[in-house]
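Beneath this line is the structure, given in structure tokens, with notes to follow.
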Amino acid sequence: MSELDRRIVSALQLNGRASWGAIARHVGTSESTVLRRAGQLTESGQLRVIGVVDVLRCGLGVPVLTRLRCRPGTAATVTEALASRPDVRYATMLAGSADCTAEFVLPTYQDAARLQLDGFPAAEHLRDAETFAVMRTFTSNHDWDSGELAPEAAAELRGTEVRPFEEQHWERPPEQLDELDLAICAALGEDGRLSFKEVSRHAGTSESTVARRVDSLVRRGCLRFRTLAEPAMFGYALEFMLWLSVLPKDLDRAGQQLAAHPGTKYLSATTGRFNLVGQIVLRHYGELYRHTTDVVGALPGLREADVTLQVSTLKRAWAPTPAPRATLEEA
């Protein structure tokens, strides 16, 4: 990718529905060039913007992470089976103490027990399975900044931050989405850059109504726009899962500290043996040692740390990643 392409994708990561004119201003080129380059990246499968509903905020499900160990030679089969499930929004094959991991969105936390009993796909290939219910998300892939643009540009494109729903869980019940809200979210879930006019045709309502509903959904934190682009596009050669056990009294401080690191794409406090689980990207494999000693090692209350390298990610935010099978066959 060219530097200009990286900057365009970075701008879309900060705001998937930013106007082409605003993106052009921040990346230093014309609006027509931005539109053409983004179209080429989308056509090639390297770029996709989708609308994503906050399932916890909207009462549509609860996120549960799973960490699986497989019988030798079956990790690819299990990961593909996980990715094919409609209730899995993230799936990746790993190298290390675990062979794959996935994030399920389940109706209730009680369903995690049923998942352990008989719900895992390709169960005949599993040697061990752990589940971790997400208690609090410190930062998510929606929030990650690849660092291609100046902080001022990032702040202008990103706009107002939404308070995590986990912090408000006991203050008020989840948001209620009606059929029209769900229809709008479904249309934007396929293409987050659809115009309000195009969404109105899908949802069977007026353009002005769509505009008002989308503004309300975004303002309340129910709907966010996720730009799907692999970290390698920005020069990040290494992606890995970090599994940490932290003393409960230090959990919030450790989570805030690690979430502030520029390589942290996702970080949540969870139940289970590991109570802090993250997804990290680094530019070079050689950085992993210093990240372990200087970043992870400096966290307060750290009792145990485990790193599993991501060999092949098949699914992100419900969407299959580009050409996953070729990667798996080469692995």
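Observations on the structure shown:
- The stretch 184-198: number of residues that are in contact (Cβ under 8 Å) with a residue 60 or more places away in the chain, open to solvent by less than 50 Å² (accessible area, probe 1.4 Å) and either in contact with a Cys (Cβ under 7 Å, 6 or more places away or on another chain) or not in a helix (DSSP H, G or I) (or both): 1
- Number of residues in the stretch 30-82 that are surrounded by 15 or more Cβ atoms within 10 Å (Cβ to Cβ) and either in a strand (DSSP E or B) or among the basic types (Lys, Arg) (or both): the value is 17.
- Among the candidates Val281, Val277, the residue that is in contact (Cβ under 8 Å) with a residue 40 or more places away in the chain and either surrounded by fewer than 21 Cβ atoms within 10 Å (Cβ to Cβ) or in contact with an Asp or Glu (Cβ under 7 Å, 6 or more places away or on another chain) (or both) is uniquely Val281.
- Of all residues in the stretch 14-29, exactly one satisfies the criterion of being in contact with a Phe, Trp or Tyr (Cβ under 7 Å, 6 or more places away or on another chain) and either open to solvent by 60 Å² or more (accessible area, probe 1.4 Å) or in a helix (DSSP H, G or I) (or both), namely Arg17.
- Residues satisfying the stated conditions in the stretch 83-134, i.e. among the aromatic types (Phe, Trp, Tyr) and either in contact with an Asp or Glu (Cβ under 9 Å, 6 or more places away or on another chain) or not in a loop (DSSP other than H, G, I, E, B) (or both): Tyr90, Phe104, Phe132
- Members of the stretch 153-179 found to be modelled with pLDDT of 70 or more, charged (D, E, K, R), open to solvent by 50 Å² or more (accessible area, probe 1.4 Å) and more than 20 Å from Thr227 (Cα to Cα), listed by number: Arg172, Asp178, Glu179
- Qualifying residue in the stretch 119-128 (condition: in contact with a helix residue (DSSP H, G or I) (Cβ under 7 Å, 6 or more places away or on another chain) and closer than 25 Å to Pro248 by Cα): no
- Residue match in the stretch 123-130 (condition: under 19 Å from Phe274 (Cα atoms), among the aliphatic types (A, V, I, L, M), at pLDDT below 95 and surrounded by 15 or more Cβ atoms within 10 Å (Cβ to Cβ)): yes
The values are calculated or read from the model by the stated rules, or taken from the named source; none is laboratory data. In this text, all values refer to a predicted model and were calculated from it rather than measured experimentally. Don't worry about glycine lacking a Cβ; one is built from the backbone with ideal geometry, like all the others, and counts go over all protein chains shown. Side chains included, ligands, DNA and RNA excluded: accessible areas come from the protein's heavy atoms. Shrake-Rupley method; radii C 1.70, N 1.55, O 1.52, S 1.80 Å.
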